[in-house]
Amino acid sequence: MDAAWEQRVAEAWGEFDSYGEEEGAAFRRVIDALADELPPDHPVGLFERACAFDSTGHSDRAVPLYQEALERGLDGYRRRRTAVQLASSLRNVGRAEEGVALLRAELDAPSDELDDAVRACLALCLADLGREREGLALVLGALAPHLPRYQRSMANYARALVADGRP
């Protein structure tokens, strides 16, 4: 795996929207060909294959690939992306509780640009489990720092949603 390979993967994903819904298999073949250039069972290859399945509506086939990529030592930015995407896929296949557990651990991970995605996906998992107030609190807490005004109020409302009293 080198910069040229990474560039080709980025280009393939950059063209994803040009594939129609019926062309998901064709897109997956493009990603498979790139992943085949890596050693068998390479965690990055597994991750890219999982993403391709996920993005073409096959969360059920993505889950085991994401899990194997993590087991095989996927690290860095792709590891955190995998946590978010795996949790989303778990939710899609009716296993939201597993997604919650996975993303709760991510709340304590070093901060990066995926923090809000972690919280948004966690909120969706919580909503599927009937814990909408907790999910809304996460989303409001993630949104508050981005607002031009009312940051403090929204952060306080977010905390109150999960406290005994209502905001």
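The values are calculated or read from the model by the stated rules, or taken from the named source; none is laboratory data. Owing to the predicted nature of the structure, the values given are computational and were not obtained by experimental measurement. In this analysis, Cβ positions are derived from the backbone assuming ideal geometry, glycine residues included, and neighbour counts consider all displayed protein chains. SASA here: full protein model, heavy atoms, side chains in, ligands and nucleic acids out. Shrake-Rupley method; radii C 1.70, N 1.55, O 1.52, S 1.80 Å.
Annotation for region 87-162: GluC sites (Glu not before Pro) lying in DSSP loop with at most 11 further Cβ atoms inside 10 Å of their Cβ are GLU113. By the compact-protein rule of thumb, 2.2 N^0.38 Å, the alpha-carbon radius of gyration of region 1-156 corresponds to a ratio of 1.13.
Each pair of Cα atoms in region 57-104 enters the Kirkwood radius, and Stokes-Einstein at 20 °C and 1.002 mPa s then converts it into a translational diffusion coefficient of 204 µm²/s.
Angle of helix 3-14 to the longest C-alpha principal axis of the chain, folded into 0 to 90 degrees and rounded to 10: 70°. Using alpha carbons only, the radius of gyration of region 109-167 set against its Kirkwood radius gives Rg/Rh = 0.99. Listed values for region 101-111 are Karplus-derived 3J(HN,Hα) couplings in whole Hz (6.51 cos²θ - 1.76 cosθ + 1.60, θ = phi - 60°), namely 4, 4, 7, 4, 5, 5, 4, 9, 6, x, 5, and x replaces Gly and Pro. Measuring nothing but how far apart in sequence close Cα pairs (under 8 Å, 6+ apart) lie, relative to its length, the chain scores a relative contact order of 12 percent.
Considered as an equivalent ellipsoid built on the Cα gyration tensor, region 70-135 has semi-axes of 20, 14, 8 Å, the largest given first. In a DSSP loop and with at most 16 other Cβ atoms within 10 Å, the GluC sites (Glu not before Pro) in region 1-69 are GLU15, GLU37. Which percent of the accessible heavy-atom area of region 35-107 goes to carbon and sulfur, probe 1.4 angstrom? The computed percentage sits at 47. Its Cα centre serving as origin, the chain has a Cβ charge dipole (Lys and Arg +1, Asp and Glu -1) of approximately 920 debye.
Distances between every pair of Cα atoms in region 36-76, grouped in 5 Å steps from 0 to the bin holding the largest one, split as 6, 31, 30, 22, 11, 0 percent. Residue by residue, region 35-46 carries 3J(HN,Hα) couplings of 5, 5, 6, 8, x, x, 6, 5, x, 6, x, 4 Hz when phi is fed to the Karplus relation 6.51 cos²θ - 1.76 cosθ + 1.60 (θ = phi - 60°); x denotes Gly or Pro.
In the chain, the longest principal axis of the Cα atoms and the axis of helix 151-161 are about 90 degrees apart.
Per residue, the solvent-accessible area of region 29-134 (1.4 Å probe, heavy atoms of protein chains only, all protein chains present) comes to 48 Å².
Exposed loop sites here are trypsin sites (Lys or Arg not before Pro) assigned a DSSP state other than H, G, I, E or B and surrounded by at most 14 other beta carbons within 10 Å; excluding them, the longest clear run of the chain is 73-148.
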